[in-house]
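Participant: What follows is a single structure, and I will ask about it in a moment.
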Amino acid sequence: MIEKIRGLKQEKNAIILAHNYQRPEIQDIADFVGDSFALSQQAARTDADVILFCGVDFMAESAAILSPDKTVLIPDTDAKCPMAAMITREALIEMKRGHPDAGVVCYVNTSAPVKAESDICCTSANAVEVVESLDCDEVIFVPDKNLALYAARFTKKTIIPWDGYCPTHHQILPRDITDAKEQYPGAEVLVHPECRPEVIDLADGVESTEGMIRHVRASRSDEFIIGTESGMIHRLEKEFPEKFFYPVSDYTICPAMKMVTLPEVVRSLENLEYVVTIPDAVQERAKRALDRMLQVRKLR
Ligand code: 13P
Ligand code: SF4
(Lines give C-alpha, C1' and ligand atoms only; values in the text may rest on other atoms or scores of the structure.)
(Ligands and ions follow the chains in the order given, each with its own letter.)
Protein backbone atom coordinates (compact mmCIF):
# COMPACT_ATOMS: atom_id res chain seq x y z
CA MET A 1 0.00 0.00 0.00
CA ILE A 2 2.86 2.35 0.80
CA GLU A 3 4.37 1.76 -2.68
CA LYS A 4 0.98 2.31 -4.26
CA ILE A 5 0.50 5.58 -2.37
CA ARG A 6 3.93 6.78 -3.54
CA GLY A 7 3.05 6.06 -7.18
CA LEU A 8 -0.38 7.68 -6.91
CA LYS A 9 1.09 10.79 -5.32
CA GLN A 10 3.42 11.26 -8.29
CA GLU A 11 0.74 10.46 -10.85
CA LYS A 12 -1.73 12.97 -9.37
CA ASN A 13 0.85 15.57 -8.23
CA ALA A 14 -0.53 15.23 -4.70
CA ILE A 15 0.84 15.92 -1.24
CA ILE A 16 -0.35 14.29 1.95
CA LEU A 17 -0.79 16.48 5.02
CA ALA A 18 -1.42 14.73 8.34
CA HIS A 19 -2.23 15.97 11.81
CA ASN A 20 -0.14 14.90 14.80
CA TYR A 21 -3.08 12.81 16.12
CA GLN A 22 -3.30 10.58 13.04
CA ARG A 23 -2.56 6.85 13.26
CA PRO A 24 1.21 6.09 13.21
CA GLU A 25 1.09 4.49 9.74
CA ILE A 26 -0.65 7.58 8.35
CA GLN A 27 1.89 9.95 9.90
CA ASP A 28 4.65 7.79 8.40
CA ILE A 29 3.40 8.13 4.78
CA ALA A 30 2.64 11.87 5.03
CA ASP A 31 4.76 14.56 3.35
CA PHE A 32 4.12 16.86 6.27
CA VAL A 33 2.91 16.20 9.83
CA GLY A 34 2.04 19.05 12.17
CA ASP A 35 -0.44 21.03 14.23
CA SER A 36 -3.41 22.96 12.84
CA PHE A 37 -1.38 26.13 12.39
CA ALA A 38 1.53 24.54 10.54
CA LEU A 39 -0.86 22.51 8.39
CA SER A 40 -2.72 25.71 7.40
CA GLN A 41 0.61 27.29 6.42
CA GLN A 42 1.51 24.25 4.32
CA ALA A 43 -1.91 24.21 2.64
CA ALA A 44 -1.58 27.91 1.78
CA ARG A 45 1.85 27.55 0.15
CA THR A 46 1.97 24.16 -1.62
CA ASP A 47 2.54 23.80 -5.39
CA ALA A 48 0.80 20.43 -5.58
CA ASP A 49 -2.46 20.10 -7.55
CA VAL A 50 -4.04 17.83 -4.95
CA ILE A 51 -3.91 18.07 -1.15
CA LEU A 52 -4.93 14.87 0.57
CA PHE A 53 -5.76 15.84 4.12
CA CYS A 54 -5.48 13.21 6.85
CA GLY A 55 -7.23 14.88 9.75
CA VAL A 56 -10.75 15.99 10.55
CA ASP A 57 -13.38 17.98 8.66
CA PHE A 58 -12.47 21.52 9.74
CA MET A 59 -8.78 21.01 8.87
CA ALA A 60 -9.53 19.83 5.33
CA GLU A 61 -12.04 22.67 4.98
CA SER A 62 -9.42 25.20 6.06
CA ALA A 63 -7.04 23.83 3.41
CA ALA A 64 -9.79 24.20 0.78
CA ILE A 65 -10.55 27.75 1.93
CA LEU A 66 -6.88 28.74 1.80
CA SER A 67 -6.18 27.04 -1.55
CA PRO A 68 -9.38 27.44 -3.58
CA ASP A 69 -7.61 26.45 -6.83
CA LYS A 70 -6.44 23.08 -5.50
CA THR A 71 -8.32 19.82 -5.18
CA VAL A 72 -8.54 19.09 -1.45
CA LEU A 73 -9.47 15.54 -0.49
CA ILE A 74 -10.52 14.01 2.82
CA PRO A 75 -10.39 10.19 2.77
CA ASP A 76 -13.25 9.73 5.28
CA THR A 77 -16.21 12.10 5.50
CA ASP A 78 -17.15 10.75 8.95
CA ALA A 79 -13.97 12.24 10.44
CA LYS A 80 -15.76 15.15 12.09
CA CYS A 81 -14.53 17.09 15.13
CA PRO A 82 -17.32 17.09 17.73
CA MET A 83 -16.16 20.40 19.20
CA ALA A 84 -16.42 22.15 15.82
CA ALA A 85 -20.04 20.95 15.69
CA MET A 86 -20.81 22.67 19.03
CA ILE A 87 -21.25 26.11 17.44
CA THR A 88 -23.36 27.05 14.43
CA ARG A 89 -23.36 30.18 12.29
CA GLU A 90 -26.83 31.06 13.60
CA ALA A 91 -25.74 30.75 17.25
CA LEU A 92 -22.72 32.96 16.58
CA ILE A 93 -24.85 35.62 14.87
CA GLU A 94 -27.12 35.61 17.96
CA MET A 95 -24.10 35.97 20.25
CA LYS A 96 -22.78 38.89 18.18
CA ARG A 97 -26.15 40.64 18.54
CA GLY A 98 -25.74 40.44 22.34
CA HIS A 99 -22.22 41.98 22.16
CA PRO A 100 -22.24 44.43 19.26
CA ASP A 101 -18.87 46.03 20.17
CA ALA A 102 -16.96 42.79 20.60
CA GLY A 103 -14.44 41.40 18.13
CA VAL A 104 -14.93 37.76 17.14
CA VAL A 105 -12.20 35.11 17.31
CA CYS A 106 -13.05 31.61 16.16
CA TYR A 107 -10.84 28.66 16.89
CA VAL A 108 -9.86 26.95 13.64
CA ASN A 109 -11.96 24.02 14.94
CA THR A 110 -15.12 25.51 13.37
CA SER A 111 -17.12 25.15 10.16
CA ALA A 112 -16.53 27.46 7.17
CA PRO A 113 -19.81 29.38 7.81
CA VAL A 114 -18.71 30.10 11.42
CA LYS A 115 -15.30 31.29 10.15
CA ALA A 116 -17.10 33.57 7.69
CA GLU A 117 -18.91 35.26 10.62
CA SER A 118 -15.66 35.82 12.53
CA ASP A 119 -13.11 38.61 12.37
CA ILE A 120 -10.15 36.27 12.69
CA CYS A 121 -9.30 32.61 13.30
CA CYS A 122 -6.83 31.24 15.79
CA THR A 123 -5.26 27.91 16.61
CA SER A 124 -3.96 26.59 19.90
CA ALA A 125 -0.53 27.87 18.82
CA ASN A 126 -1.49 31.55 18.56
CA ALA A 127 -4.74 32.19 20.51
CA VAL A 128 -3.18 34.85 22.78
CA GLU A 129 -1.50 36.72 19.91
CA VAL A 130 -4.70 36.66 17.86
CA VAL A 131 -6.80 38.03 20.74
CA GLU A 132 -4.21 40.75 21.35
CA SER A 133 -4.17 41.67 17.64
CA LEU A 134 -7.78 42.90 17.79
CA ASP A 135 -8.49 46.57 18.31
CA CYS A 136 -11.33 46.16 20.85
CA ASP A 137 -11.79 45.57 24.59
CA GLU A 138 -14.28 42.71 24.37
CA VAL A 139 -13.70 39.50 22.43
CA ILE A 140 -16.20 36.74 21.65
CA PHE A 141 -14.25 33.48 21.55
CA VAL A 142 -15.83 30.34 20.05
CA PRO A 143 -16.25 27.41 20.50
CA ASP A 144 -13.69 26.14 23.05
CA LYS A 145 -14.28 27.51 26.55
CA ASN A 146 -11.03 26.01 27.83
CA LEU A 147 -8.87 27.66 25.18
CA ALA A 148 -10.82 30.90 25.75
CA LEU A 149 -10.08 30.78 29.49
CA TYR A 150 -6.44 29.97 28.78
CA ALA A 151 -6.08 33.00 26.47
CA ALA A 152 -7.84 35.15 29.10
CA ARG A 153 -4.91 34.53 31.47
CA PHE A 154 -2.62 36.57 29.21
CA THR A 155 -4.77 39.54 28.15
CA LYS A 156 -6.55 42.50 29.73
CA LYS A 157 -9.39 42.19 27.22
CA THR A 158 -12.71 40.72 28.37
CA ILE A 159 -13.15 37.30 26.80
CA ILE A 160 -16.70 36.07 26.20
CA PRO A 161 -16.46 32.30 25.71
CA TRP A 162 -18.88 29.91 24.02
CA ASP A 163 -19.67 26.81 26.08
CA GLY A 164 -17.95 24.27 23.80
CA TYR A 165 -15.17 21.82 24.61
CA CYS A 166 -13.15 18.96 23.18
CA PRO A 167 -14.44 15.67 24.67
CA THR A 168 -10.97 14.10 24.42
CA HIS A 169 -9.18 16.86 26.36
CA HIS A 170 -12.01 17.90 28.69
CA GLN A 171 -12.17 14.40 30.17
CA ILE A 172 -8.58 14.70 31.48
CA LEU A 173 -8.92 15.43 35.21
CA PRO A 174 -6.46 16.85 37.77
CA ARG A 175 -6.43 13.39 39.31
CA ASP A 176 -4.99 11.93 36.07
CA ILE A 177 -2.09 14.39 36.28
CA THR A 178 -1.37 13.76 39.96
CA ASP A 179 -1.54 9.97 39.46
CA ALA A 180 0.84 10.17 36.47
CA LYS A 181 3.23 12.40 38.45
CA GLU A 182 3.28 9.86 41.27
CA GLN A 183 4.15 7.14 38.79
CA TYR A 184 6.80 9.22 36.95
CA PRO A 185 8.08 11.75 39.52
CA GLY A 186 10.96 12.93 37.30
CA ALA A 187 8.82 13.70 34.24
CA GLU A 188 7.75 17.12 32.97
CA VAL A 189 4.00 17.53 32.38
CA LEU A 190 2.93 18.95 28.99
CA VAL A 191 -0.76 19.59 28.32
CA HIS A 192 -2.80 21.05 25.47
CA PRO A 193 -4.69 24.32 26.11
CA GLU A 194 -7.97 22.51 25.34
CA CYS A 195 -7.61 20.96 28.82
CA ARG A 196 -9.60 22.23 31.82
CA PRO A 197 -8.09 25.16 33.77
CA GLU A 198 -7.52 22.91 36.83
CA VAL A 199 -5.43 20.57 34.65
CA ILE A 200 -3.51 23.47 33.09
CA ASP A 201 -2.63 24.69 36.60
CA LEU A 202 -0.75 21.43 37.23
CA ALA A 203 1.30 21.46 34.01
CA ASP A 204 4.92 22.49 33.40
CA GLY A 205 4.10 23.46 29.82
CA VAL A 206 0.88 24.32 27.94
CA GLU A 207 1.41 23.91 24.21
CA SER A 208 -0.17 23.21 20.85
CA THR A 209 0.90 19.83 19.54
CA GLU A 210 3.77 21.35 17.52
CA GLY A 211 4.63 23.52 20.53
CA MET A 212 5.16 20.28 22.47
CA ILE A 213 7.82 19.25 19.95
CA ARG A 214 9.61 22.57 20.42
CA HIS A 215 9.28 22.33 24.22
CA VAL A 216 10.80 18.82 24.34
CA ARG A 217 13.63 19.88 22.00
CA ALA A 218 14.54 22.76 24.32
CA SER A 219 14.14 20.81 27.57
CA ARG A 220 16.88 19.05 29.53
CA SER A 221 14.38 16.47 30.80
CA ASP A 222 14.19 13.10 29.15
CA GLU A 223 10.79 12.04 30.52
CA PHE A 224 7.45 13.67 29.75
CA ILE A 225 3.82 13.08 30.73
CA ILE A 226 1.74 14.02 27.68
CA GLY A 227 -1.72 15.52 28.26
CA THR A 228 -3.13 15.40 24.76
CA GLU A 229 -4.41 12.92 22.18
CA SER A 230 -2.40 9.68 22.09
CA GLY A 231 -1.25 10.04 18.44
CA MET A 232 1.14 12.69 19.70
CA ILE A 233 3.22 10.01 21.43
CA HIS A 234 4.13 8.46 18.05
CA ARG A 235 5.27 11.82 16.68
CA LEU A 236 7.31 12.57 19.83
CA GLU A 237 8.94 9.13 19.93
CA LYS A 238 9.92 9.47 16.29
CA GLU A 239 11.45 12.93 16.79
CA PHE A 240 13.17 12.08 20.09
CA PRO A 241 13.96 8.35 20.19
CA GLU A 242 16.23 8.82 23.21
CA LYS A 243 13.48 10.36 25.39
CA PHE A 244 10.45 8.79 27.15
CA PHE A 245 6.81 9.83 26.75
CA TYR A 246 3.90 8.67 28.90
CA PRO A 247 0.24 9.32 28.00
CA VAL A 248 -1.57 11.00 30.89
CA SER A 249 -4.26 8.29 30.77
CA ASP A 250 -5.41 5.41 28.60
CA TYR A 251 -8.45 7.35 27.40
CA THR A 252 -7.01 10.30 25.51
CA ILE A 253 -8.09 9.09 22.09
CA CYS A 254 -10.02 11.18 19.56
CA PRO A 255 -12.16 8.71 17.57
CA ALA A 256 -12.55 11.16 14.67
CA MET A 257 -8.77 11.45 14.30
CA LYS A 258 -8.40 7.66 14.02
CA MET A 259 -10.81 7.19 11.12
CA VAL A 260 -8.38 7.61 8.23
CA THR A 261 -6.62 4.32 7.35
CA LEU A 262 -4.07 3.31 4.68
CA PRO A 263 -6.67 1.59 2.42
CA GLU A 264 -8.75 4.78 2.59
CA VAL A 265 -5.76 6.87 1.52
CA VAL A 266 -5.20 4.57 -1.49
CA ARG A 267 -8.87 4.74 -2.50
CA SER A 268 -8.98 8.49 -1.95
CA LEU A 269 -6.01 9.09 -4.27
CA GLU A 270 -7.16 6.56 -6.88
CA ASN A 271 -10.66 7.99 -7.20
CA LEU A 272 -9.87 11.59 -6.12
CA GLU A 273 -12.51 11.40 -3.41
CA TYR A 274 -13.93 12.98 -1.31
CA VAL A 275 -13.48 16.48 -2.68
CA VAL A 276 -13.97 19.18 -0.03
CA THR A 277 -16.05 22.06 -1.36
CA ILE A 278 -16.77 25.39 0.31
CA PRO A 279 -20.01 27.24 -0.49
CA ASP A 280 -19.33 30.37 -2.59
CA ALA A 281 -21.34 32.46 -0.13
CA VAL A 282 -18.79 31.87 2.65
CA GLN A 283 -15.47 31.16 0.84
CA GLU A 284 -14.19 34.71 0.65
CA ARG A 285 -15.14 35.78 4.19
CA ALA A 286 -13.86 32.56 5.74
CA LYS A 287 -10.56 33.02 3.86
CA ARG A 288 -10.24 36.55 5.20
CA ALA A 289 -10.45 35.24 8.79
CA LEU A 290 -7.79 32.58 8.08
CA ASP A 291 -5.50 34.96 6.14
CA ARG A 292 -5.65 37.45 8.99
CA MET A 293 -4.56 34.72 11.39
CA LEU A 294 -1.62 33.74 9.18
CA GLN A 295 -0.40 37.36 9.29
CA VAL A 296 -0.34 37.61 13.11
CA ARG A 297 3.18 37.44 14.48
CA LYS A 298 4.08 35.52 17.60
CA LEU A 299 4.47 37.71 20.70
CA ARG A 300 6.12 35.19 22.99
P1 13P B 1 -3.23 21.47 17.49
O2 13P B 1 -3.50 22.60 16.56
O3 13P B 1 -2.53 21.88 18.74
O4 13P B 1 -2.50 20.36 16.80
O5 13P B 1 -4.62 20.90 17.99
C6 13P B 1 -5.64 20.51 17.12
C7 13P B 1 -6.71 19.80 17.82
O8 13P B 1 -7.66 19.35 17.26
C9 13P B 1 -6.54 19.65 19.24
O10 13P B 1 -7.48 18.82 19.75
FE1 SF4 C 1 -11.79 17.87 17.84
FE2 SF4 C 1 -10.79 17.26 20.23
FE3 SF4 C 1 -10.59 15.52 18.26
FE4 SF4 C 1 -9.14 17.79 18.25
S5 SF4 C 1 -8.97 16.08 19.69
S6 SF4 C 1 -10.25 16.91 16.53
S7 SF4 C 1 -10.61 19.20 19.18
S8 SF4 C 1 -12.47 16.25 19.22
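The values are calculated or read from the model by the stated rules, or taken from the named source; none is laboratory data. Keep in mind that this is a model prediction, so the values were computed, not measured. So basically every Cβ, Gly included, is an ideal-geometry build from the backbone, and we count neighbours across all protein chains shown. Accessible surface is based on the protein model in full, side chains and every heavy atom, while ligands, DNA and RNA are left aside. Shrake-Rupley method; radii C 1.70, N 1.55, O 1.52, S 1.80 Å.
Participant: Do we find that D76 is farther than 19 Å from R292 by Cβ, acidic (D, E) and away from ligand 1 (no atom under 14 Å from the Cβ) in this structure? Can you show your working first?
Facilitator: Details: farther than 19 Å from R292 by Cβ: yes; acidic (D, E): yes; away from ligand 1 (no atom under 14 Å from the Cβ): yes.
It is true that D76 is farther than 19 Å from R292 by Cβ, acidic (D, E) and away from ligand 1 (no atom under 14 Å from the Cβ).
Participant: Which of the residues that make up the range 56-83 are over 18 Å from G34 (Cβ atoms), open to solvent by 10 Å² or more (accessible area, probe 1.4 Å) and not charged (D, E, K, R)?
Facilitator: Result: P68, T71, T77, P82.
Participant: Shifting gears a bit: Within the range 219-266, which residues are closer than 16 Å to G205 by Cα, assigned to a helix (DSSP H, G or I) and within 12 Å of ligand 2 (Cβ to nearest atom)?
Facilitator: Across the range 219-266, the qualifying residue is only M232.
Participant: For the range 84-104, which residues satisfy the criterion of being surrounded by 14 or more Cβ atoms within 10 Å (Cβ to Cβ) and among the aliphatic types (A, V, I, L, M)?
Facilitator: A84, A85, M86, I87, A91, L92, M95, A102, V104
Participant: Could I ask something else about it? Taking F224, is it more than 16 Å from the chain's Cα centre (by Cα) and surrounded by 21 or more Cβ atoms within 10 Å (Cβ to Cβ)? Break it down stepwise before answering.
Facilitator: On the way: more than 16 Å from the chain's Cα centre (by Cα): yes; surrounded by 21 or more Cβ atoms within 10 Å (Cβ to Cβ): yes.
Against the criterion (more than 16 Å from the chain's Cα centre (by Cα) and surrounded by 21 or more Cβ atoms within 10 Å (Cβ to Cβ)), F224 qualifies.
Participant: Collect the residues in the range 240-273 that are of a type outside the set (A, V, I, L, M, F, W, C), surrounded by 14 or more Cβ atoms within 10 Å (Cβ to Cβ) and within 16 Å of ligand 1 (Cβ to nearest atom), keeping them in residue-number order.
Facilitator: Result: P247, S249, T252, K258.
Participant: Continuing with this model, one more query. Consider F53 against the criteria (1) touching a residue at least 60 places away in the same chain (Cβ under 8 Å); (2) open to solvent by 20 Å² or more (accessible area, probe 1.4 Å); (3) under 23 Å from S124 (Cα atoms): it satisfies all of them except one. Which criterion is unmet?
Facilitator: Just one mismatch for F53, condition (2).
Participant: Here's something else I'd like to know. If I filter the range 1-37 down to residues being within 16 Å of ligand 2 (Cβ to nearest atom) and part of a strand (DSSP E or B), which single residue comes out as most open to solvent (accessible area, probe 1.4 Å)?
Facilitator: Step one: filter the range 1-37 for residues within 16 Å of ligand 2 (Cβ to nearest atom), giving 17-23, 26-27, 33-37.
Filter once more, keeping what is part of a strand (DSSP E or B): 17-19, 33-34.
On the way: L17: 0, A18: 0, H19: 7, V33: 28, G34: 0 Å².
Per the stated criteria, the residue is V33.
Participant: Still on this structure, please answer the following. So which helices (runs of 4 or more DSSP H) stay within the range 136-218 end to end and still have 1 or more residues that are without any contact (Cβ under 8 Å) to a residue 60 or more places away in the chain, open to solvent by 40 Å² or more (accessible area, probe 1.4 Å) and within 13 Å of ligand 1 (Cβ to nearest atom)?
Facilitator: On the way: elements: 145-152, 167-170, 174-183, 197-200, 209-218.
So the answer is 209-218.
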